[in-house]
1. Under 9 Å by Cβ, and 6 or more places apart or on different chains, what pairs join a residue from the stretch 158-178 that is farther than 13 Å from Leu34 by Cβ with one that is open to solvent by 80 Å² or more (accessible area, probe 1.4 Å)?
2. Among (1) at pLDDT 90 or above; (2) of a type in the set (Val, Ile, Thr); (3) crowded, with 22+ Cβ neighbours inside 10 Å, where does Ile111 come up short?
3. Tell me which residues, restricted to the stretch 152-195, are open to solvent by less than 30 Å² (accessible area, probe 1.4 Å) and either touching a strand residue (DSSP E or B) at 6+ places or on another chain (Cβ under 8 Å) or within 21 Å of Cys26 (Cβ to Cβ) (or both).
4. For Leu23, state whether it is not hydroxyl-bearing (Ser, Thr, Tyr) and not in a loop (DSSP other than H, G, I, E, B).
5. Among (1) more than 20 Å from Lys6 (Cβ to Cβ); (2) of a type outside the set (Val, Ile, Thr); (3) in contact with a Leu (Cβ under 8 Å, 6 or more places away or on another chain); (4) open to solvent by less than 10 Å² (accessible area, probe 1.4 Å), which single condition is Ala119 missing?
6. Among the residues of the stretch 140-189, count how many are in a helix (DSSP H, G or I) and at pLDDT below 85.
7. Return the total of residues in the stretch 44-74 being β-branched (Val, Ile, Thr), open to solvent by 20 Å² or more (accessible area, probe 1.4 Å) and either in contact with a strand residue (DSSP E or B) (Cβ under 9 Å, 6 or more places away or on another chain) or assigned to a helix (DSSP H, G or I) (or both).
8. If you check Leu23 against the conditions, is it modelled with pLDDT under 90 and within 24 Å of Thr156 (Cα to Cα)?
Amino acid sequence: MGNTKKIFLEGFWKDNPIFRQILGICSALAVTNLMLNSLVMGIGLIFVTSFSSLTVSLIRQYTPKHIRMMVQTLIISSYVIIVDIVLKAYYPSMSEALGPYVGLIITNCIIMGRCEAFAQNNKPLVSFLDGIASGIGYSFILLVIAFFRELMGFGTLFGYPLLGSWWTKWTLMIMPPGAFFMLAIVIWVARNLSPDDEKQKEGATS
């Protein structure tokens, strides 16, 4: 129980893929103009990260070291294809809205990083939980950024209008620069909320 709690705390906050490791920020910038897009992308990444880590861990003892990166990429791409097919079959409008970014999950450094750094050296269940934790941490940041971008840019949340006609829509927030500004603010706030973690990491690398 304690180990599970530690894994989720690491993935969600202490070693968060976006504001700690600065990984996977392409999708954080690309799909966060709407909360629904961010939620679907997050769910897709949680699925791919967790099951990729589980699969890599299951076959880690049988995978030759010199081809393990190729094997990991093949595993990740297989799960991404599943996500892409499901979206096209059951949610075509979302598949069209996300466009190429679903396919680009394959190149997401978060997934490859967890497979190589964790799943390759740990048991299947623990690796599966680590993948879920990293995916949730990633999705949380996407939703935080999308919350402010959609609210200020469109006056809506999940497509439902919240702000009346009195609200002047911030066009900047739904443009790429708005994503950069929000990501920078989120990273700044998160790192200032736990400065001790930053000092520990600096001490460990020095």
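1. If the second residue must be open to solvent by 80 Å² or more (accessible area, probe 1.4 Å), the pairs left are Leu163/Lys169; Leu172/Phe181.
2. (1)
3. If the condition is that a residue be open to solvent by less than 30 Å² (accessible area, probe 1.4 Å) and either touching a strand residue (DSSP E or B) at 6+ places or on another chain (Cβ under 8 Å) or within 21 Å of Cys26 (Cβ to Cβ) (or both), then Gly153, Gly155, Met173, Gly178, Ala179, Met182, Leu183, Val186, Ala190 are the ones that fit.
4. So Leu23 fails the test.
5. (1)
6. The total comes to 2.
7. 5
8. no
The values are calculated or read from the model by the stated rules, or taken from the named source; none is laboratory data. Please read all numbers here as calculations on a predicted model, not as lab measurements. So basically every Cβ, Gly included, is an ideal-geometry build from the backbone, and we count neighbours across all protein chains shown. Only protein heavy atoms, including side chains, enter the accessible area calculation; ligands, DNA and RNA are left aside. Shrake-Rupley method; radii C 1.70, N 1.55, O 1.52, S 1.80 Å.
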